[in-house]
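Values quoted throughout were computed directly from the atomic coordinates according to the rules given, and no laboratory measurement underlies them. This structure is a prediction, so every number in the text was calculated from the model and none was measured. Neighbour counts are summed over all protein chains in view; Cβ atoms, including those assigned to glycine, are modelled from backbone coordinates with ideal geometry.
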Amino acid sequence: MSEHDIVIVGGGISGLSMAFYCAEAGMRPLVLEQRPEAGGSFSSPRYGSRGREFWLEMGAHTCYSSYQNLLGIVEQCSMMGDIIPREKVPFSLFVDGKVKSLVSSLHIGELFLSAPNLFRLKKDGESVRSYYEKIVGKRNYDEVIRHFFNAVPSQPTDDFPADMMFKSREKRKDVLKNYTFREGLQSVARAIAARPEVTVAVSSEAVGVRREGDRYVVRTAGGEEHAAAKLVLAAPSAVSSKLLAGADPELSAHLSTLRAAEVDSVGVVLKKDALSLKPVAALISPGDVFFSAVSRDTVPDDDYRGFSFHFRPGLDDKLKKQRITEVLGVPMSKIEHVHVKTNTVPSLRLGHHEWLGKTDALLASRKGLALSGNYFGGMAIEDCVSRSKSECERLRG
Ligand SMILES: Cc1cc2nc3c(=O)[nH]c(=O)nc-3n(C[C@H](O)[C@H](O)[C@H](O)COP(=O)(O)OP(=O)(O)OC[C@H]3O[C@@H](n4cnc5c(N)ncnc54)[C@H](O)[C@@H]3O)c2cc1C
């Protein structure tokens, strides 16, 4: 059995930012990640030969100047110089085989009548549907806006708490309003994982947690055991619930009440000249088998273009490939590279604030145990990093 200051389960941005803060506080964290690479939804696989690589975002793609905690980490990792702007190309609708602009699809009269509600209405206690229907008008919401909202967590968002979907946060004035990184977002994950105080054990799936005296012992699928007085679970809520089933049935049962959606993402790379589609940030196709097709056109490349199709779960591979070729208007033979990835995104509901209150009340009486992830204050990157920061502070006492 190996001994550590702190063991963190999950090598996405929640677990990695937790590792970063714990290392800053003088601990030597061990991060267990089940996949062969750290990053989780920070996934920017590379295609092509070294020095001439094309990367594609299979998960998160955009950061904002309001991501102050993330930026703090980026600064400490000496990566501010890697921040690059995103090309201003549109988020467009894809309807009946044609690309349409968002504005041309809106009912402008209805929008003008409803928009003043933005200054009157509060998001508290409202669902995304109940709030935004009043801001953009019912027809605009149903026909256009909700499909853009559904594309954010790749699932229906009508019942999400309105205040957890988009948050206003203080912005940093010295940073681009929205940006990405020269080698994609996963480069941030790689930089944190490479810090000397942080150890990331990849291909290490945690399968069980038990208490031994005042320590937690985490067992992996490979039969290894890692012990520490402090344990952080930064995996999807269902995984954390399962891991805690024996060691903490009460917290495990509470975590099990939360729902999440799987997003089946298929990334495709093709030669620029194979495609006639105008540059877009993403295509959103109402009622389709995919929630969005996010493009690499925001960081144009001389030779290649790439698209990540975020599909509804459980679809047949053949159907997915067929839909990709229909939307892009190219045969499969023109697609040079395919990458697949499954991400887990929480399905937040009204009442989540109360759920969160109970979670933190339960955690307050558990010494050495912390929870992080994208199911606390919200699912944006900054929500994950902020959660890790406050949980690290709580663990330090
Ligand atoms: C398609 C998509 C696009 C998005 N776009 C944006 C965006 O543009 N901007 C933004 O702010 N946010 C965006 N988000 C949201 C944001 O990226 C995520 O909420 C965030 O990255 C989640 O990080 P996490 O570490 O909590 O979870 P994850 O990234 O899911 O990481 C959890 C990690 O735990 C590992 N794990 C699971 N079980 C185990 C186990 N038993 N043992 C060991 N390891 C385990 C997983 O392999 C994974 O690496 C997007 C999300 C998705 C899915």
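The table that follows gives values for the structure above.
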read-out: Entries of Lys134/Lys171; Lys171/Lys389; Lys100/Lys134; Lys100/Lys341; Lys358/Lys389 with Cα pairs more than 22 Å apart; value: Lys134/Lys171; Lys100/Lys134; Lys100/Lys341
read-out: Whole-number percent relative contact order across the chain, with pairs defined as alpha carbons under 8 Å at least 6 apart; value: 25 percent
read-out: Karplus-derived HN-Hα couplings along the range 11-27 (A = 6.51, B = -1.76, C = 1.60, θ = phi - 60°), whole Hz, x at Gly and Pro; value: x, x, 5, 5, x, 5, 5, 4, 4, 4, 5, 5, 5, 4, 8, x, 8
read-out: Sorted peptide list for 89-99, 181-191, 307-317, criterion being average Cβ within 10 angstrom, highest first; value: 181-191, 307-317, 89-99
read-out: Volume in Å³ per residue [convex hull over Cα atoms, computed for the range 148-197]; value: 172 Å³
read-out: From phi via Karplus (6.51, -1.76, 1.60), per-residue ³J(HN,Hα) for the range 80-88 in Hz, x at Gly/Pro; value: 4, x, 8, 6, 10, x, 9, 4, 7
read-out: Built amide H within the under 5 Å cut-off of Arg86, gap 5+; value: Thr180
read-out: Cα gyration tensor shape for the range 252-304, rounded if a/c is under 1.5, else prolate or oblate; value: prolate
read-out: Cα Rg over Rh - the range 1-54, Kirkwood; value: 1.12
read-out: Leading residue at positive end of dipole, the range 102-165 (Cβ point charges), from Met165, Leu118, Gln155; value: Leu118
read-out: Whole-Hz couplings from phi, Karplus 6.51/-1.76/1.60, listed for the range 184-192; x for Gly and Pro; value: x, 5, 5, 5, 5, 4, 5, 5, 5
read-out: Cα shape, the range 87-235, gyration tensor, a/c 1.5 rule; value: prolate
read-out: Theoretical ellipticity at 222 nm over the chain - DSSP helices of four or more residues, -39500 (n - 2.57) apiece, nearest 500; value: -8000 deg cm²/dmol
read-out: Whole-Å distance, taken between Cα centres, linking the range 1-74 and the range 260-333; value: 25 Å
read-out: Around Tyr67: net Lys/Arg minus Asp/Glu count, Cβ-Cβ under 15 Å; value: +3
read-out: Lys/Arg +1, Asp/Glu -1 at C-beta; the chain dipole; positive extreme among Ala19, Ser49, Ala380; value: Ala380
read-out: Value of Rg/Rh across the chain [Cα atoms, Kirkwood radius]; value: 0.97
read-out: Amide H contacts under 5 Å for Val200, placed H, 5+ residues apart; value: Val31
read-out: Alpha carbon convex hull of the range 25-78, projected area averaged over orientations, nm²; value: 5.8 nm²
read-out: Tilt relative to the chain, helix 352-364 - C-alpha long axis, 0 to 90 degrees, to 10; value: 20 degrees
read-out: Point-charge dipole on Cβ atoms (K/R +1, D/E -1) for the range 102-165, about Cα centre, debye to 20; value: 160 debye
read-out: Net charge of Cβ neighbours under 12 Å - reference Gly26; Lys, Arg +1; Asp, Glu -1; value: -1
read-out: Overall dimensions of the range 102-165 as given by Cα atoms, namely Rg and Dmax in Å; value: 11.2, 32
read-out: Relative contact order [Cα under 8 Å, 6+ residues apart], the range 101-239, whole percent; value: 14 percent
read-out: Positive minus negative residues near Gly208 (Lys, Arg vs Asp, Glu; Cβ under 15 Å); value: 0
read-out: Amide proton proximity set for Phe94, modelled H, under 5 Å, gap of 5+; value: Lys100, Ile284, Ser285
